[in-house]
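> First the structure, then my questions, so here it is.
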Amino acid sequence: KPVLTYPGGEYPMTIAQAAEGNDGIDLGKLLASTGYTTYDPGFVNTASTKSAITYIDGEEGILRYRGYPIEQLADNSTFIEVSYLLIYGELPTQDQLEDFTDKIRRHTLLHEDLKRFFDGFPRNAHPMPVLSSAVNALSAYYQDSLDPRDPEQVELSTIRLLAKLPTIAAYSYKKSVGQPFLYPDNSLSLVENFLRMTFGFPAEPYQVDPEIAAALDMLLILHADHEQNCSTSTVRLVGSSDANLFTSVSGGINALWGPLHGGANQAVLEMLDGILAAGGDVKEFIRKVKNKEDGVKLMGFGHRVYRNYDPRAAIAKKHADTILSKLGSDPLFDIAQALEEAALTDDYFVERKLYPNVDFYTGVIYKAMGFPTRMFTVLFAMGRLPGWIAHWREMHSEAIKIGRPRQIYTGYGARDYSEI
Ligand code: MLT
């Protein structure tokens, strides 16, 4: 008979007593107030879930994919290798890598009819709904790879998605700026190809800068997975109904679009722009944050899981230094660094364990690379894709139940219509 405890002490009853509704105690409220959660296979996709893909220790600021520290992967691997690691569980051998890369190369083209689908969107469309719609439309074009229970079809849809998402992402951008689409050039790597399709023009040579390509590749690695975040759990929930991989990932893209999730680095850049426009006084900004003045918030600080420095932020910061020293300094990076220093030496932030998260530095880097803010979440989606696929596949590798969140009913008791 375990006795329930809550932050204020010990709850005066056992779980069994609470469940019987003794003393008019509302079990739902009790569980919610104590943060007590149950593990129930019926709620596997929503209440809690098992996974062998990504490990996070929020107290220590540790992130590992399949056991490998993110720092080592960012320094030594490519995004394609990390995608393989997340999806199949091991880093690829040379042969496996060549085979995987070749397969992806063969699927980068979009069906000509699917390309016309982009014409239906307004010229000023944000690239995210265009991206998620086109990814969902893959279910209509590739009906031979929709069955989540057929390993060959799952493999084919995995390769198709990995290959086509950068093409769709580049076309979503081209659509939003009114420029013509480019066919993929399969002599290039995945990231080089994406950069060329995004910034190049048909019939004009486009020289991919290898340092920019390497930095973008590394940023995609940082975003490749983050266990049960909002978009990943969305992909799992949609997929738990046995919906196909394309449509499940499309759901994840929509979840990612929200400013509280993938849109956060855009919010950071807007905050830095605002500080610069107001004269660049970081101390004054920090004062306003602490006093909650003018609704001012410190964006890109704090995380639901980390009570320490987000390890991805440290890596992004290091690379921001390198990229900006190559592409030209940006006053926004100076403000970001000053802001970080001011916050990390201030008891207010230290006591609340508010540290920079991954979004704090990525926007500055993307801007330096030439991406408009509307593309930031698209880049996040490209990075997160292997994580979504890995989770969807992991879930389908076992017998699953459809996801269904537990509801705690808070409405009326029974009411009688005749008493109105
Ligand atoms: C992510 O990478 O998905 C974000 O840090 C959000 C999260 O993990 O909840």
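The values are calculated or read from the model by the stated rules, or taken from the named source; none is laboratory data. Computed from a predicted model, the values in this text were never measured in an experiment. Neighbour counts are summed over all protein chains in view; Cβ atoms, including those assigned to glycine, are modelled from backbone coordinates with ideal geometry.
> Residues that are in a loop (DSSP other than H, G, I, E, B), at pLDDT 90 or above and of a type in the set (A, V, I, L, M): does the stretch 23-42 have at least one?
No, there is no match, as no residue in the stretch 23-42 is in a loop (DSSP other than H, G, I, E, B), at pLDDT 90 or above and of a type in the set (A, V, I, L, M).
> Continuing with the same structure: Looking at the stretch 246-285, which of the residues that are modelled with pLDDT of 95 or more and of a type in the set (Val, Ile, Thr) is farthest from Arg160 (Cα to Cα)?
Val282
> So if I check each of Gly274, Gly279, which one is more than 16 Å from the ligand (Cβ to nearest atom) and part of a loop (DSSP other than H, G, I, E, B)?
Unique residue meeting the criteria: Gly279.
> Of everything in the stretch 306-330 that's basic (Lys, Arg), within 16 Å of the ligand (Cβ to nearest atom) and in contact (Cβ under 8 Å) with a residue 60 or more places away in the chain, which residue is surrounded by the fewest Cβ atoms within 10 Å (Cβ to Cβ)?
So the residue we want is Arg307.
> Separate question: In the set Phe333, Phe349, Phe371, Phe380, which member is among the hydrophobic types (A, V, I, L, M, F, W, C) and surrounded by 23 or more Cβ atoms within 10 Å (Cβ to Cβ)?
None of the others qualify; the one that does is Phe380.
> Could you please let me know if Glu152 is in a helix (DSSP H, G or I) and farther than 30 Å from Ala399 by Cβ?
no
> Going through the stretch 366-405 one residue at a time, which ones are of a type in the set (A, V, I, L, M) and away from the ligand (no atom under 16 Å from the Cβ)?
Answer for the stretch 366-405, where residues must be of a type in the set (A, V, I, L, M) and away from the ligand (no atom under 16 Å from the Cβ): Ala368, Met369, Met375, Met395, Ala399, Ile400, Ile402.
> Give the residue that is surrounded by the fewest Cβ atoms within 10 Å (Cβ to Cβ), with candidates limited to residues of the stretch 250-283 that are among the hydrophobic types (A, V, I, L, M, F, W, C) and in contact with a Leu (Cβ under 8 Å, 6 or more places away or on another chain).
Leu276
> Which helices (runs of 4 or more DSSP H) sit wholly inside the stretch 46-131 and have at least 3 residues that are in contact (Cβ under 8 Å) with a residue 12 or more places away in the chain and within 24 Å of the chain's Cα centre (by Cα)?
Filter on the stretch 46-131 gives 70-76, 79-88, 94-105.
> So in the stretch 352-364, with the set limited to residues that are among the hydrophobic types (A, V, I, L, M, F, W, C) and either within 15 Å of the ligand (Cβ to nearest atom) or at pLDDT 95 or above (or both), which one is surrounded by the fewest Cβ atoms within 10 Å (Cβ to Cβ)?
Leu354
> List the residue pairs whose Cβ atoms are under 9 Å apart, where the first residue sits in the stretch 364-375 and is of a type in the set (Gly, Ala, Ser), the second is surrounded by fewer than 20 Cβ atoms within 10 Å (Cβ to Cβ), and the two are 6 or more positions apart or on different chains.
These pairs meet every condition: Ala368/Leu324; Ala368/Lys326; Ala368/Leu327; Ala368/Gly328; Ala368/Asp330; Gly370/Phe199; Gly370/Leu327.
> Let me ask something additional. In the stretch 75-84, is there at least one residue being under 21 Å from Ala243 (Cβ atoms) and either hydroxyl-bearing (Ser, Thr, Tyr) or surrounded by 18 or more Cβ atoms within 10 Å (Cβ to Cβ) (or both)?
no
Okay, residues lined up against (1) part of a helix (DSSP H, G or I); (2) without any contact (Cβ under 8 Å) to a residue 40 or more places away in the chain; (3) within 16 Å of the ligand (Cβ to nearest atom):
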residue: Gln207; (1), (2), (3): no, yes, no
residue: Ala213; (1), (2), (3): yes, yes, no
residue: Leu216; (1), (2), (3): yes, no, no
residue: Leu219; (1), (2), (3): yes, no, yes
residue: Leu222; (1), (2), (3): yes, no, yes
residue: Thr232; (1), (2), (3): yes, no, yes
residue: Leu237; (1), (2), (3): yes, no, yes
residue: Phe246; (1), (2), (3): yes, no, no
